[in-house]
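As structure tokens, the structure follows; a few thoughts come after it.
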Amino acid sequence: MNARGHFSNRFGFIAAAAGSAVGLGNIWKFPFEVAGGGGAAFVIMYLLFCFLLCFPVMVTEIAIGRKTQKDPVGAFAALGFPKWKFLGKMGVLAGVLILSFYNVVAGWAFGYFIQLSIGNFEIGNQFGDYINNIGRVGLYGIVFMFATAYVVSKGVSGGIEKASKILMPTLVAIILILVVYSMTLPHAFEGISYYLIPQFSEINFRVIYNALGQAFFSLSLGMGALITYGSYVSKDNNIISSAALITISDAGIAFLAGLMMFPFVAFLTNGAVDTVEGGPGLIFQVLPGAFESMGLVIGRIVGALFFLLLSFAALTSTISLLEVPVAYAVDELKVQRTYAVWFIALFIFLLGVPSLLSNGDSQFFTNFITYLGADKPTNFLDFIGHVGSDTMLPLGGFLMTIFAAYVWKKHNLNKEIETGYPGFKGTFIEKYIDFAVSYLCPTVLGIIFILTLLSRFLGVHVF
Ligand code: TRP
């Protein structure tokens, strides 16, 4: 019996991979990075990074997965380079770390869905107390991890694919409804202008660095999530067009999230969007007030829909994060899938408890670490994010492209892409991917990794 799962068709794979990509990063973070980083100028730059830099990495990950039909650790061994298994293990570790804090934030979002469904608009003003209430957010975190594990335990086609095929179209429908509704609100135009008017003068190295990191994280790259999903894809799949569709969906949803969000903020502030303090806290602190002003019934519906959207986006991402260690346990450690899922989910939930406690409940985890040169401590949740995603993902991407170009070798990568896309050889895309994987991606990702180390942990700010 073939214990490995499989996506049943191309749409199933794309829905699942786009589901992994579209997450809190798109809806929680992207809009504010755009607004604070030059509006449309940021969007253009972001799209360029997605396609020029991230797309080749995505193609590489999917190709490694599909070629070997293995989890990220087994994949490097199956290609004949058992020494590179460490890179797969680093990916598994990154997935575990990221999921441990991501699930906490996803739980907040899910809790907000419940709160707004029952019309508790006050929750925005109580955000600090809310995330501090370990009983409550702990429960939401358990529910969220449970839902994630439940889907993953049902397997690749019966769980991940099935859930993605329902959640992703629903997510698109909800976001479109909210975009259209937000456009009808007073001051919508001011919101959109604030979001999009290009301000090239705001683009500096810091903004470029943020855009690169955001693009890489948002596309779920650098830890083998797409090696894992790629390993469930059949050989006749065209990797290039699939990766393009995944990238377009991710960037498209992020863009729509901003179109929906800023009219809400403009509505609340009577057009004075810039009086509101930006940043990711805004979603949890400010938006409930905007929903309240829409009236009891509409506000409740729109508010609940908004946080349902956020929860769905997060769920398809937590699913992919959990699948990476699960695939490793199933393929390499020969653990039965159901056991692997529930055991790993429990372990990661427990690993996330310090993150749950790091917003005031526990002084130790709240003031967890003070980086060199920093004047304030960093809490545990942010610390795990800085290690698991900001640092390990660019490092993973750097090593992955070095591996593909110089160890596994480009002609093998190209041959794998050609399977499923017979006309690939000699195309401009082939030449570009070869160039990017050999030179551009390792250089840029290596630089991001070093800059992150320096600025995050060592207090050295190059710019
Ligand atoms: N891309 C997701 C987001 O934007 C997060 C995510 C899910 C992720 N799976 C991943 C990030 C794997 C890196 C690697 O929210």
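The values are calculated or read from the model by the stated rules, or taken from the named source; none is laboratory data. Quick caveat, the model's predicted, so the values are computed rather than measured. No Cβ is skipped: glycine too gets one built from the backbone with ideal geometry, and neighbour counts run over all protein chains shown.
Scan 185, 178 and give me the residue that is on the phi < 0 side of the Ramachandran plot, crowded, with 19+ Cβ neighbours inside 10 Å and aliphatic (A, V, I, L, M).
178
Given the options 322, 310, 305, name the one that is touching a helix residue (DSSP H, G or I) at 6+ places or on another chain (Cβ under 6 Å) and farther than 22 Å from residue 101 by Cβ.
Testing whether each residue is touching a helix residue (DSSP H, G or I) at 6+ places or on another chain (Cβ under 6 Å) and farther than 22 Å from residue 101 by Cβ leaves just 305.
Mind listing whichever residues of region 430-463 are under 16 Å from residue 210 (Cα atoms) and not in a helix (DSSP H, G or I)?
461, 462, 463
Among all residue pairs at least 6 apart or on different chains, which show Cβ distances below 8 Å where the first residue, located in region 77-104, is under 28 Å from residue 131 (Cα atoms) and the second is surrounded by fewer than 19 Cβ atoms within 10 Å (Cβ to Cβ) and aliphatic (A, V, I, L, M)?
96/351; 97/351; 97/387; 100/351
Which of the following residues is under 20 Å from residue 7 (Cα atoms) and among the hydroxyl-bearing types (Ser, Thr, Tyr): 153, 117?
That would be 153, the only listed residue that is under 20 Å from residue 7 (Cα atoms) and among the hydroxyl-bearing types (Ser, Thr, Tyr).
Taking the residues in region 1-49 that are surrounded by fewer than 23 Cβ atoms within 10 Å (Cβ to Cβ) and of a type in the set (S, T, N, Q) as candidates, determine which candidate is farthest from residue 448 (Cα to Cα).
In this case the residue turns out to be 2.
Do we find a residue being more than 14 Å from the ligand (Cβ to nearest atom), more than 12 Å from the chain's Cα centre (by Cα) and in a helix (DSSP H, G or I) anywhere in region 226-240?
yes
Helices (runs of 4 or more DSSP H) wholly in region 1-64 with at least 3 residues that are closer than 30 Å to residue 419 by Cβ and within 15 Å of the ligand (Cβ to nearest atom) - which ones?
Because the criterion is at least 3 residues that are closer than 30 Å to residue 419 by Cβ and within 15 Å of the ligand (Cβ to nearest atom), the helices (runs of 4 or more DSSP H) in region 1-64 that meet it are 10-21.
Please specify each residue of region 382-408 satisfying the condition of being more than 16 Å from the chain's Cα centre (by Cα) and in contact (Cβ under 8 Å) with a residue 60 or more places away in the chain.
Result: 395, 399, 400, 401, 403, 404, 407, 408.
Within region 288-317, can you find the residues that are within 15 Å of the ligand (Cβ to nearest atom) and more than 14 Å from the chain's Cα centre (by Cα)?
Residue satisfying the conditions is 309 alone.
Could you please find all residues in region 250-259 being surrounded by 24 or more Cβ atoms within 10 Å (Cβ to Cβ) and among the hydrophobic types (A, V, I, L, M, F, W, C)?
Listed by number, the residues that qualify are 251, 254, 257.
Could you tell me whether residue 245 is over 26 Å from residue 73 (Cα atoms), assigned to a helix (DSSP H, G or I) and within 16 Å of the ligand (Cβ to nearest atom)?
yes
Which ones in region 347-384 are of a type in the set (Gly, Ala, Ser) and surrounded by 21 or more Cβ atoms within 10 Å (Cβ to Cβ)?
Within region 347-384, 352, 355, 358 qualify.
For region 318-345, give me the residue count where each residue is more than 16 Å from the ligand (Cβ to nearest atom) and touching a residue at least 24 places away in the same chain (Cβ under 8 Å).
7
Considering each residue of region 427-454, count those that are farther than 21 Å from residue 399 by Cα and surrounded by 14 or more Cβ atoms within 10 Å (Cβ to Cβ), and give that number.
Residues flagged as farther than 21 Å from residue 399 by Cα and surrounded by 14 or more Cβ atoms within 10 Å (Cβ to Cβ) within region 427-454 amount to 1.
Could you please let me know if residue 193 is among the polar types (S, T, N, Q), within 21 Å of residue 308 (Cα to Cα), away from the ligand (no atom under 16 Å from the Cβ) and in a helix (DSSP H, G or I)?
No: the conditions fail for residue 193.
Can you tell me which of 316, 338 is among the hydroxyl-bearing types (Ser, Thr, Tyr), surrounded by fewer than 24 Cβ atoms within 10 Å (Cβ to Cβ), farther than 24 Å from residue 86 by Cα and at pLDDT 95 or above?
338
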